[in-house]
Amino acid sequence: MKIREVELMEIHLRLIERFEISTGGWDQRRVLLLRMESEDGEAWSECVAAEAPNYSYETPETAWHILTEYVLPAVVGSEFQGPGAILEPVSWIRGHPMAMATVEMGAWALEAVRKDLSLAALLGGSRQAVPVGVSVGLQGTDDELLKQVEDRLAQGYKKIKLKIKPGRDVAMVRKVRDAFPHAPLMVDANSSYTLADVAVLKELDGMNLMMLEQPLSFEDLRDHALLQAQLQTPICLDESIRGAGDTLLALELGSGRIINIKPGRVGGFTSSLKIHDLCAERNVPVWCGGMLEAGIGRAYNLALASLPNFLLPGDISESRRYWAEDVVEPEFVMEEGLMPVPTGSGIGVRVRRDRVESLTFRRWGMKA
Ligand code: OSB
Ligand code: MG
């Protein structure tokens with residue numbers, strides 16, 4: 001395959017409501033969209049870097065830099081054998097997985113278009129619809145949180161993830177648990193605790209949570225292992241896992257028992273598939289996390305989550321949970337807690353080019 005032309009756009013999309021985690025918050029997203037064209041057709045992909053370096057070091061600004069200065073110029077016009085090989089000319093680049101994944105995942109979609117397959121089918125997905133959950137951000141008050149949880153459960157979400165941070169944890173989660181004794185609840189700390197907080201984490205351990213996501217530092221697998229040994233609740237690793245190597249290390253150390261795969265965080269689909277397979281061999285369930293994606297990124301997540309070892313509901317919520325209007329058609333809608341996996345060729349949803357244009361803040365392009 002050969003890329004004839006690329007177009008990179010930065011769009012700004014306002015979230016319906018502010019989303020807050022332990023390290024910061026979002027009122028709007030700055031989303032980079034990439035359109036790649038080969039002799040077989042075109043594919044759109046989305047960069048998931050957060051606006052500020054509060055999840056990882058990447059931002060739309062660093063991704064724009066890496067993509068326009070290094071990755072796209074090396075990729076345009078070069079011949080490659082299958083999606084896993086598109087980044088070979090830039091394999092010397094260290095880090096920047098979200099920037100790299102934008103191109104790598106786009107190549108998977110192009111390959112799907114070439115073979116006239118859905119992305120899910122190309123990846124080896126085995127499900128027609130996947131169970132989905134919702135990530136509920138930190139709220140101003142516990143009453144607002146209770147209302148959110150009530151609404152999300154009524155909408156049919158199969159997993160409710162509560163964001164926590166020091167000072168907004170035990171009492172807050174207990175209120176939710178008491179109000180909804182049987183709800184499928186989990187919590188995500190985004191690395192805001194240390195082993196000195198083990199007493200707090202042990203209290204959460206008694207609240208029948210599906211899992212405790214990334215309680216400790218994003219670079220401390222050893223401490224996660226020491227913590228997991230003291231808890232019944234499975235630890236789920238998010239920020240800690242940047243690829244297959246981290247996954248093996250984490251599983252051997254016992255740093256967690258569940259892995260959240262975000263394809264952007266791990267550098268794309270080739271890496272996601274490796275992690276999926278490693279976990280499947282070891283009977284470790286995985287699920288697909290989210291980065292407040294617009295509809296293009298969501299299509300990729302959904303395709304990935306159709307693989308067999310995605311055994312827990314993903315953070316792949318409906319379009320309307322994020323946006324007044326998405327950038328794709330049809331929008332993503334659940335049916336009784338399940339999101340149908342698109343069956344059309346490529347990402348399986350149509351990009352609303354007119355809407356993208358009207359949201360575009362800057363653009364960059366290159367032809368072979
Ligand atoms: O930790 O999973 C996280 C959003 C931005 C950054 C980090 C995280 C999240 C979410 C949102 O939890 C999940 C979604 O896309 O709905
Ligand atoms: Mg997380």
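The values are calculated or read from the model by the stated rules, or taken from the named source; none is laboratory data. All values derive from a computational prediction rather than experimental measurement. Positions of Cβ are backbone-derived with ideal geometry, glycine not excepted, and every protein chain shown enters the neighbour counts.
Just to be sure, is residue 330 farther than 22 Å from residue 7 by Cβ and surrounded by fewer than 22 Cβ atoms within 10 Å (Cβ to Cβ)? Yes.
Taking the numbered list (1) in contact (Cβ under 8 Å) with a residue 60 or more places away in the chain; (2) hydrophobic (A, V, I, L, M, F, W, C); (3) out of contact with any helix residue (DSSP H, G or I) (no Cβ under 9 Å at 6 or more places or on another chain) in turn, residue 186 passes all entries but (1). Looking only at residues in region 152-189 that are small (Gly, Ala, Ser) and outside any helix (DSSP H, G or I), the one that is nearest to residue 260 (Cα to Cα) is 189. Condition check for residue 125 on (1) within 16 Å of ligand 1 (Cβ to nearest atom); (2) within 18 Å of residue 288 (Cβ to Cβ): one failure, at (1). Looking across 304, 278, 292, one residue alone is farther than 20 Å from residue 134 by Cβ and touching a residue at least 24 places away in the same chain (Cβ under 8 Å). It is 278.
Flag: residue 324 does not match the condition of being more than 18 Å from the chain's Cα centre (by Cα), in contact (Cβ under 8 Å) with a residue 12 or more places away in the chain, more than 13 Å from ligand 1 (Cβ to nearest atom) and within 26 Å of residue 77 (Cα to Cα).
Quick check: anything in region 174-186 away from ligand 2 (no atom under 16 Å from the Cβ) and in contact with a Gly (Cβ under 8 Å, 6 or more places away or on another chain)? The answer is yes, given that some residue of region 174-186 is away from ligand 2 (no atom under 16 Å from the Cβ) and in contact with a Gly (Cβ under 8 Å, 6 or more places away or on another chain). On the basis of being in contact (Cβ under 8 Å) with a residue 40 or more places away in the chain and outside the structural domain of residue 7 (by TED's automatic domain parsing), does residue 299 make the cut? For residue 299, the condition - in contact (Cβ under 8 Å) with a residue 40 or more places away in the chain and outside the structural domain of residue 7 (by TED's automatic domain parsing) - is met. All told, residue 149 meets the bar of being in contact with a strand residue (DSSP E or B) (Cβ under 7 Å, 6 or more places away or on another chain), of a type in the set (Val, Ile, Thr) and assigned to a helix (DSSP H, G or I).
Return yes when residue 165 is surrounded by 14 or more Cβ atoms within 10 Å (Cβ to Cβ) and either in contact (Cβ under 8 Å) with a residue 12 or more places away in the chain or not hydroxyl-bearing (Ser, Thr, Tyr) (or both) and no when it is not. It is true that residue 165 is surrounded by 14 or more Cβ atoms within 10 Å (Cβ to Cβ) and either in contact (Cβ under 8 Å) with a residue 12 or more places away in the chain or not hydroxyl-bearing (Ser, Thr, Tyr) (or both). The sole residue among 44, 64 that is more than 16 Å from ligand 1 (Cβ to nearest atom) and under 20 Å from residue 271 (Cα atoms) is 44.
Filtered by the rule that a residue be touching a strand residue (DSSP E or B) at 6+ places or on another chain (Cβ under 8 Å) and surrounded by fewer than 22 Cβ atoms within 10 Å (Cβ to Cβ), region 205-220 gives 205, 207, 208, 209, 210. Among the residues of region 351-361, those that are outside any loop (DSSP other than H, G, I, E, B) and surrounded by 13 or more Cβ atoms within 10 Å (Cβ to Cβ) comprise 351, 355, 356, 359, 360.
Has region 268-284 got at least one residue that is in the same structural domain as residue 244 (by TED's automatic domain parsing) and within 16 Å of ligand 2 (Cβ to nearest atom)? Within region 268-284, one or more residues are in the same structural domain as residue 244 (by TED's automatic domain parsing) and within 16 Å of ligand 2 (Cβ to nearest atom).
The single residue among 336, 357 that is farther than 18 Å from residue 48 by Cβ and either aliphatic (A, V, I, L, M) or assigned by TED's automatic domain parsing to the domain that holds residue 247 (or both) turns out to be 336. Applying the criterion of being part of a loop (DSSP other than H, G, I, E, B) and more than 20 Å from the chain's Cα centre (by Cα) to the residues of region 194-229, the residue that is farthest from residue 176 (Cα to Cα) is 220. Out of all the residues in region 1-35, which are within 16 Å of ligand 2 (Cβ to nearest atom) and either closer than 16 Å to residue 319 by Cβ or part of a strand (DSSP E or B) (or both)? Listed by number, the residues that qualify are 19, 20, 21, 24, 25, 26. Scanning region 256-276 for residues that are buried (at least 24 other Cβ atoms within 10 Å of the Cβ), closer than 17 Å to residue 215 by Cα and away from ligand 1 (no atom under 12 Å from the Cβ) yields 256, 259.
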